[in-house]
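The values are calculated or read from the model by the stated rules, or taken from the named source; none is laboratory data. Just so it is clear, the model here is predicted, and its values are computed rather than measured. Note that we place each Cβ from the backbone using ideal geometry, even for glycine, and neighbour counts take in every protein chain shown.
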Amino acid sequence: MLILALLAMCGGAFAQGTTEKKKREKNPNDGSFWLDLKAGIGITTSFDKSTVPFAYNGLLTHVQPGFTYEWKRCHIRFGAGLDRTRYSSLGGNAYNISGNFEFLYSCLKPSANRWHFWSGASLNGNFDLKQLPSLQNASTNLSIFGNLAAEELVQCDFAYEKGNPAHPWMTAYFQFSLPLFAVASRPGFAYVMDIPAEEGALQRLVGPNESLFKMFPGCATDLGFTVNLRNGNRFSFGHRWDYLTTGKKGAYRYDNTFRTYYLKFMFKI
């Protein structure tokens, strides 16, 4: 009897272990992690009163590595980008180094496993370095920006099979970003001035700057679609529009628009 009882217990434990193993195989991990690489081209439109009193356009190239993590109803993304804009009319370049951290939460359960609605926030910062030799001693200046933004994302899935919506082959998306407030450091007056030769490079860049604070300093939209491969990898085509402004008053006035068409690869780890 004792031997039979032990065999039954072992059999039950084995059956339970097999069931748990199958369950784990069916859902190996609630979370998914991707390494991201985004690249694109576009147009930058700038109005920078500290350098010239008119708007000017340039050709933009963009690259941004990062990562995406999805866990249950949470969506976390980080990216660090570099934009280079060539201004042919002024014979110079601008370099924009940016970083952003984004957290979104699925506030509503998916509608029929097709529509998804996300809300959250993001922290963003960037350094804008302009080098325009034709402006002589106003040729190089640095602007620093940081903001906290509200984020809204809408997605629509298109399934491989009508009866299997859990594995969509494509996802269309639209994201809207509204910065709530921002801090910035900008040249506070026309940048043509006498710079003492003994000043260092950093002092020349940020010494004449003034700090400012602004509510709702712009907005951004992102529209595109993602192809979901069966091995878990993804790639996206999209168009992003960013607008950043310090307002219409002051010699430090700055308005910048980035219009980028991009291709993004996501490699599942």
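Key figures for this structure:
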quantity: Some residue of the stretch 115-126 being assigned to a loop (DSSP other than H, G, I, E, B) and either surrounded by 14 or more Cβ atoms within 10 Å (Cβ to Cβ) or out of contact with any strand residue (DSSP E or B) (no Cβ under 6 Å at 6 or more places or on another chain) (or both); calculated: no
quantity: Matching residues in the stretch 225-261 - criterion: being at positive phi and touching a residue at least 40 places away in the same chain (Cβ under 8 Å); calculated: GLY232, GLY250
quantity: Matching residues, the stretch 213-244, being within 16 Å of GLY146 (Cα to Cα) and surrounded by fewer than 19 Cβ atoms within 10 Å (Cβ to Cβ); calculated: PHE213, LYS214, MET215, PHE216, CYS219, TYR243
quantity: Pairs, first at positive phi and of a type outside the set (Val, Ile, Thr) in the stretch 53-79, second exposed (fewer than 14 other Cβ atoms within 10 Å of the Cβ) and not in a strand (DSSP E or B), C-beta under 6 Å, six or more apart; calculated: LYS72/ASP30
quantity: Filter result for ILE76 (part of a strand (DSSP E or B), among the hydrophobic types (A, V, I, L, M, F, W, C) and exposed (fewer than 14 other Cβ atoms within 10 Å of the Cβ)); calculated: no
quantity: Flag for LEU82 being modelled with pLDDT of 85 or more and either in a strand (DSSP E or B) or surrounded by fewer than 17 Cβ atoms within 10 Å (Cβ to Cβ) (or both); calculated: yes
quantity: SER89 within 27 Å of GLY42 (Cα to Cα), outside any strand (DSSP E or B) and of a type outside the set (A, V, I, L, M, F, W, C); calculated: yes
quantity: Segments classed as strands (runs of 3 or more DSSP E), wholly inside the stretch 162-269, with at least 2 members that are at pLDDT below 90 and among the polar types (S, T, N, Q); calculated: 164-187, 209-215
